Amino acid sequence: MKKQTSKDYASALFTATQGLKGKELHEVIHNFVSLLAREQKLKQAEKIIAEFVAYAKKQEGIQDISISSAHELDTKAINAIKKSFGEKVEVTQAVDESLIGGFVVKTQDKIFDASLKMQLVRLKHQLH
Amino acid sequence: MSINTIVEELRKNIASFEKQVSVEEVGTVIEVGDGIARLSGLSKCQASEMLEFPNETFGVALNLEEETVGAVILGDYKHIKQGDTVKRTGRILSVPVGEELIGRVVNPLGEPIDGGTAFHSKKFNPIEKIAPGVMTREPVSQPVQTGIKAIDAMIPVGRGQRELIIGDRQTGKTAVAIDTIINQKGQDMICVYVAIGQKESKVARIVAKLKEAGAMDYTVVVSAGASDPAALLYIAPYAGVAIAEYFMDQGKDVLCVYDDLSKQAWAYREISLLLRRPPGREAYPGDVFYIHSRLLERACRRNKESGGGSITALPIIETQAGDVTAYIPTNVISITDGQIFLETDLFYRGIRPAVNVGISVSRVGSSAQIKPMKKVAGKLKLSLAQFRELEAFSQFSSDLDPETKKQIELGQRMVEILKQPQFAPMPVAHQVAIIYAVSNGFTNEVEVVKMKEWEDKFHAFLDKTKPALIEKMSKGEWDEKIEGELKDSINEFKKK
């Protein structure tokens, strides 16, 4: 039989718990944990939790983005960026002075680079 | 250029510069070690795509798995850590190609390592490419003159052929290949020498020798040294043939030497085991045959309609204690159109190049031999075969009948003239002349030990007094009249 990955467990848990509340949810989670214990997978619990969060967000269409910019951005700017990524967006923010100006948005597997640093690098390549 | 024009140029460039948001697909490093990185993300990554690691280090995606991508890192990997971002480049692994590579020494990524200026090549060739198909090929028809008598006479190589050079260490495999490259001067050939896992000192020596012989004017050296990571050793021959293909596309004939493919197989085995691919015989992965077959299949003679040009491949394989039945030697023997066996025994008996002409073969080369060589080589082959049968008796020379004795002495003379020093390739017309003289018994009264001296004087004589005859023979002309002329020349020389 194929070995189950953390992702398999996470997706199974997501399907099992979908739409459940209160006591039922508690029971399913209890069963899930005892399954993990039986299969000796408790060591991977952290990984499964991380996978679960990522998987659940993907299923519900929530995007995680992180914005780094040279200076602190105001809420108006952040909201504008958020909007361009759709409705459900969770933002983490950071300041990175090495960007000089502009901002960089990171999603799950893409980087949108609108920083001054990158523009300068491109200009350098073009002049070369 | 004056300051004003520079400023003007700069203004124009900056004005045309557009602001753009770059979108890049990225992944993260999960684990790294031994030149291998396992990455997550990169869901759209292609097979053998180049990936950019931090600090402008590049890698190649080799294993595309459900969750992860296994990549080899080309270059130093010490600075790459877990969690680093890796960018897709969208480019399949490729090397810069072009005329400016001629005379240079480059690494398998096409970066110069000879201390010369970097080149800004506009054209890149992917290192992996499907070999030309059936309809674009034609049989070999033109010879590659190696300048080595034993090979040109009995194991001829045609343009577009794949001829394996196989033998133990220290039997002169590289010497055969280098002599061949040196002999291509003025033959309208481009040579690519790929050094895989060789000592840097050896590569430096070879390059110096090629320069001295004027051979760097038409040669590209691709070198992945012994200290380079296995990934570079593995891609080196493909990079070499990609450079060769550029010249072939210009309709030129190219000679490609891979020195040597056993080291490439070792490098590939290392990578495969680190990527956890299942090991097979001698711990090589299942597709070790394919790495060599797809490389050597790219050697070809293309027909006129498809643009012409050819790539001749001279792969080199090193055997361990003469064992040609090991995995890699048998594989490559079965792929190539013949092989040149070099043997330790012969080497130490002073027969250099140490070619064992009995078991060496060329399956297609004879159709590319020039006519005079074809005529004289038949007799040489036959007499040498007879000599080998009788050789065992040569110790009892006093008890032998005169006929056998004569046959043995003829064989000994032939073996003597097939000896040749390194870096001294011989023009084909001279080869024909000396082989004709010996195999037709014109030298029977010369002592075997004095053969060498006789030969040298004979060549000098021909050069001085019969340049027209030499010219005709090197053009491939041969009829009774030319044969008669050659006979007369030999007799004339003998009278002196």
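Would you mind stating whether B:Gly115 is out of contact with any Pro (no Cβ under 6 Å at 6 or more places or on another chain), more than 14 Å from chain A (Cβ to nearest Cβ) and either touching a residue at least 40 places away in the same chain (Cβ under 8 Å) or part of a strand (DSSP E or B) (or both)? So B:Gly115 does not fit the description; no.
Scanning the stretch A:14-59 for residues that are surrounded by 15 or more Cβ atoms within 10 Å (Cβ to Cβ) and not in a helix (DSSP H, G or I) turns up just one, A:Lys41.
Given the conditions (1) within 14 Å of another protein chain (Cβ to nearest Cβ); (2) in a helix (DSSP H, G or I), report the number of the one that A:Asn79 does not fulfil. All conditions pass for A:Asn79, except number (1). Scanning the stretch A:35-75 for residues that are assigned by TED's automatic domain parsing to the domain that holds A:Phe103 and farther than 27 Å from A:Phe112 by Cα yields nothing.
In the stretch B:332-362, how many residues are among the acidic types (Asp, Glu) and within 20 Å of the chain's Cα centre (by Cα)?
So in the stretch B:332-362, the residues among the acidic types (Asp, Glu) come out as B:337, B:343, B:345.
Now restrict to residues that are within 20 Å of the chain's Cα centre (by Cα): B:337, B:343.
So the answer is 2.
Checking the structure you have, find out if any residue of the stretch B:393-400 is farther than 20 Å from B:Pro353 by Cα, touching a Phe, Trp or Tyr at 6+ places or on another chain (Cβ under 8 Å) and in a helix (DSSP H, G or I).
no
A count restricted to the stretch A:82-123 and to residues that are assigned to a helix (DSSP H, G or I) and closer than 19 Å to B:Gln20 by Cβ stands at 10. For the stretch A:99-121, the set of residues classified as more than 7 Å from chain B (Cβ to nearest Cβ), in contact with a strand residue (DSSP E or B) (Cβ under 9 Å, 6 or more places away or on another chain) and under 27 Å from B:Ser16 (Cβ atoms) consists of A:Leu99, A:Ile100, A:Gly101, A:Gly102, A:Phe103, A:Val104, A:Val105, A:Ser115, A:Leu116, A:Lys117, listed by residue number. Among the residues of the stretch B:339-380, write down those that are under 24 Å from B:Cys300 (Cα atoms) and either in contact with a Cys (Cβ under 8 Å, 6 or more places away or on another chain) or buried (at least 20 other Cβ atoms within 10 Å of the Cβ) (or both). Answer for the stretch B:339-380, where residues must be under 24 Å from B:Cys300 (Cα atoms) and either in contact with a Cys (Cβ under 8 Å, 6 or more places away or on another chain) or buried (at least 20 other Cβ atoms within 10 Å of the Cβ) (or both): B:Gln339, B:Ile340, B:Phe341, B:Ser360, B:Ser362, B:Gly365, B:Ala368, B:Gln369, B:Ile370, B:Met373. Residue check: B:Asp287 meets all listed conditions (1) surrounded by fewer than 16 Cβ atoms within 10 Å (Cβ to Cβ); (2) touching a residue at least 40 places away in the same chain (Cβ under 8 Å); (3) of a type in the set (D, E, K, R) but one, namely (2).
Put simply, of B:Leu74, B:Leu39, B:Leu51 the only residue that is in contact with a Phe, Trp or Tyr (Cβ under 8 Å, 6 or more places away or on another chain), within 14 Å of another protein chain (Cβ to nearest Cβ) and at pLDDT 90 or above is B:Leu51. Residues satisfying the criterion are absent from the stretch B:458-476 (criterion: under 25 Å from B:Lys173 (Cα atoms), among the acidic types (Asp, Glu) and part of a helix (DSSP H, G or I)). The single condition among (1) within 30 Å of A:Gln93 (Cβ to Cβ); (2) touching a residue at least 12 places away in the same chain (Cβ under 8 Å) that A:Ile29 does not satisfy is (1).
Working carefully through the options B:Tyr234, B:Tyr193, B:Tyr268, find the one that is modelled with pLDDT of 95 or more, of a type in the set (Ser, Thr, Tyr), under 26 Å from B:Thr57 (Cβ atoms) and buried (at least 24 other Cβ atoms within 10 Å of the Cβ).
Numbers: B:Tyr193 fails: under 26 Å from B:Thr57 (Cβ atoms); B:Tyr268 fails: buried (at least 24 other Cβ atoms within 10 Å of the Cβ).
Exactly one of B:Tyr234, B:Tyr193, B:Tyr268 is modelled with pLDDT of 95 or more, of a type in the set (Ser, Thr, Tyr), under 26 Å from B:Thr57 (Cβ atoms) and buried (at least 24 other Cβ atoms within 10 Å of the Cβ), namely B:Tyr234.
Only residues that are of a type outside the set (Phe, Trp, Tyr) and under 16 Å from B:Pro315 (Cβ atoms) were counted in the stretch B:201-234, giving 3. Restricting the stretch B:225-261 to residues that are in a strand (DSSP E or B) and under 17 Å from B:Gly103 (Cα atoms), the residue that is farthest from the chain's Cα centre (by Cα) is B:Asp253. In the stretch A:88-128, which residues are in contact (Cβ under 8 Å) with a residue 24 or more places away in the chain and among the acidic types (Asp, Glu)? Across the stretch A:88-128, the qualifying residues are A:Glu90, A:Asp96, A:Glu97.
Of all residues being of a type outside the set (Val, Ile, Thr), without any contact (Cβ under 8 Å) to a residue 60 or more places away in the chain and within 14 Å of chain A (Cβ to nearest Cβ) in the stretch B:83-109, which is surrounded by the most Cβ atoms within 10 Å (Cβ to Cβ)? Just the residue, please. Talk me through it step by step, then tell me what you get.
First, pick out the residues of the stretch B:83-109 that are of a type outside the set (Val, Ile, Thr): B:83-84, B:87-88, B:90-91, B:93-94, B:96, B:98-101, B:103-104, B:107-109.
Going one step further and asking which of them are without any contact (Cβ under 8 Å) to a residue 60 or more places away in the chain, we end up with B:83-84, B:90-91, B:96, B:99-100.
Cutting the leftovers down to within 14 Å of chain A (Cβ to nearest Cβ) gives us B:83-84, B:90.
Values: B:Gly83: 8, B:Asp84: 18, B:Gly90: 12.
Per the stated criteria, the residue is B:Asp84.
The values are calculated or read from the model by the stated rules, or taken from the named source; none is laboratory data. Not measured: the values here are computed from a predicted model. FYI the Cβ positions are ideal-geometry reconstructions off the backbone, even for glycines, and counts take in every protein chain you see.
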